[in-house]
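The values are calculated or read from the model by the stated rules, or taken from the named source; none is laboratory data. Because the structure is a prediction, the values reported are computed rather than measured. All Cβ positions, even for glycine, are placed from backbone atoms using ideal geometry, and neighbour counts span all protein chains on display. Protein only, heavy atoms only, side chains kept; ligands, DNA and RNA dropped before computing areas. Shrake-Rupley method; radii C 1.70, N 1.55, O 1.52, S 1.80 Å.
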Amino acid sequence: QLPTKPTNHFFSASMSNAANLNVQVLESLNRLAETLAQLDERGDGSSSVDELTKFAASLNMTDSTTTARPSTQSPSSTPNTNLSHYRTLPSTVTTAYTLLTDGSNYIHATSTKYTLVSKIDYIKEGGNLALELQKGIDLIATATLGVFDSGSGCSCSLKKYVKQYARAVVASVISLITCFEDGSALDTSNGTVNNIGAQKTGAVWSACDCITRQLPKGNRNAMRRELMVWVRDCLESIEEFEELMEIGTRDDDGEEEGEDAMEEEEQYTEREMKVAKSSVNVMKCSKNVLGLVLKVFECVGECAEKPADEQSIEQSTTLSDEQRKEMFQWIGHLHELARAVGEGVTEVGVLLYPPLDFTSQSNEAGRVQSSSSSNSTQSIPDLGSSNLGQQLQIQLHALYDCVECIHVASLQSGASVRYCMTDEVVEAIDKLKKAVGVRCAEVKGSMQ
């Protein structure tokens with residue numbers, strides 16, 4: 001269990017004896033900010049998590065008898081996909097969210113008092129309120145540690161958002177205290193009202209509100225949000241390059257000069273247009289695959305968390321805890337494959353602006369082979385050694401691996417989760433598997 005009240009143990013005990021508590025609080029917050037920045041949301045037992053845990057334990061922030069410790073393994077290049085839940089939150093994660101909310105509300109209320117009081121007595125009364133701000137930060141740091149704990153079963157997506165929102169609150173509080181420490185919030189020499197303190201307080205409120213109102217709760221919501229971001233990026237890229245293609249092709253005789261030549265540089269040649277069309281079709285296929293992943297998550301996640309008396313008759317035996325764990329891990333693995341698809345669309349888009357560069361890049365040789373799975377190596381065509389060709393090849397590998405993972409739907413034990421999927425999803429899997437093959441042939445033809 002995580003502590004549910006401000007403990008104020010994450011920071012130096014010597015602060016109470018300091019003449020200016022604001023300075024001491026700033027030093028502690030800056031150390032915390034650096035540690036949070038180093039947290040690896042995609043690792044398993046990151047050294048930065050261990051450092052944070054040891055720091056907290058040395059200050060009695062948590063009870064070592066009740067709080068699980070992160071793994072001390074070396075960071076792995078393979079993302080951590082050891083999910084333990086999908087929709088339903090375990091008690092430790094629920095407690096972490098309570099701490100995040102309580103800490104945010106505490107900071108939200110205290111920041112207003114800090115700004116008003118510091119304008120009158122920054123050193124003494126302001127310092128005391130800085131310690132109160134620190135108590136709220138202590139809660140948020142404790143919650144973040146709980147989410148990053150290797151036994152929390154939280155996804156990379158959830159860790160990413162908790163880290164992002166926690167860092168934003170810490171940074172806003174640092175900025176608030178700093179504006180009084182450097183005197184910028186107290187300067188009235190120009191004869192106007194100084195609103196810097198109020199502005200910094202507003203930034204603190206905004207960061208706290210993001211935690212209480214926008215932070216996705218649980219693996220399901222965090223993973224879905226990331227997927228929706230990737231889908232949105234796909235749609236924006238598709239729209240942008242379709243508009244470019246609607247302009248038409250440019251003459252490639254090199255006779256245009258001045259502004260006309262510059263305008264034509266924003267158009268594709270006939271050869272480039274073929275590549276652009278096939279690349280946009282790859283983006284559309286990527287968007288559809290990400291949409292399919294969303295549906296698969298719902299099917300398998302619901303099946304894994306369904307009570308024994310409601311399980312499908314197609315499942316001959318009641319799911320064991322180990323089988324449920326394997327299903328959650330399969331969801332986590334699929335999400336990482338979807339990440340490669342979603343982020344890959346942006347990488348392709350960066351290289352798709354005219355004029356296209358088909359120059360061979362010898363130093364890129366072997367990059368695709370080393371980054372792709374053995375399953376897709378024989379199915380994806382060689383698209384040459386240009387940067388665009390290499391990136392398209394990587395994207396096709398990512399598409400193949402993602403669709404193949406869903407098509408096989410096999411757990412580590414050899415059991416299948418295909419029975420969890422609806423007829424609509426199964427039909428979409430077959431269609432997209434064929435579509436990836438069509439896109440491969442299309443891109444290969446355009447690159448020749």
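Structural remarks
- Sole residue being open to solvent by 10 Å² or more (accessible area, probe 1.4 Å) and modelled with pLDDT of 90 or more, chosen from 89, 176, 99: 89
- Condition met for residue 414 (modelled with pLDDT under 90 and either within 17 Å of residue 348 (Cα to Cα) or open to solvent by less than 10 Å² (accessible area, probe 1.4 Å) (or both)): no
- The residues of segment 186-227 that are of a type in the set (A, V, I, L, M) and either at pLDDT below 95 or open to solvent by 60 Å² or more (accessible area, probe 1.4 Å) (or both), listed by number, are 186, 193, 196, 198.
- Output for segment 391-439, where each listed residue is within 20 Å of residue 234 (Cβ to Cβ) and in contact with an Asp or Glu (Cβ under 6 Å, 6 or more places away or on another chain): 391
- Residue check: residue 168 meets all listed conditions (1) in a helix (DSSP H, G or I); (2) surrounded by fewer than 24 Cβ atoms within 10 Å (Cβ to Cβ); (3) modelled with pLDDT under 95 but one, namely (3).
- Residues in segment 233-265 that are modelled with pLDDT of 80 or more, of a type outside the set (A, V, I, L, M, F, W, C) and either under 34 Å from the mean Cα position of the chain (by Cα) or open to solvent by 100 Å² or more (accessible area, probe 1.4 Å) (or both): 233, 236, 237, 239, 240, 242, 243, 246.
- Filtered residues of segment 132-151 (kept if open to solvent by less than 10 Å² (accessible area, probe 1.4 Å), among the hydroxyl-bearing types (Ser, Thr, Tyr) and under 20 Å from residue 221 (Cα atoms)): 144
- Cβ-Cβ distances below 8 Å connect the following pairs, each with a first residue in segment 222-238 that is in contact (Cβ under 8 Å) with a residue 12 or more places away in the chain, a second residue that is outside any helix (DSSP H, G or I), and a separation of six or more residues or different chains: 222/155; 222/216; 223/155; 224/216; 225/216.
- Residue 230 falls short on exactly one of the conditions (1) open to solvent by less than 40 Å² (accessible area, probe 1.4 Å); (2) out of contact with any Gly (no Cβ under 7 Å at 6 or more places or on another chain), and that condition is (2).
- Qualifying residue in segment 184-191 (condition: farther than 27 Å from residue 287 by Cβ and assigned to a helix (DSSP H, G or I)): no
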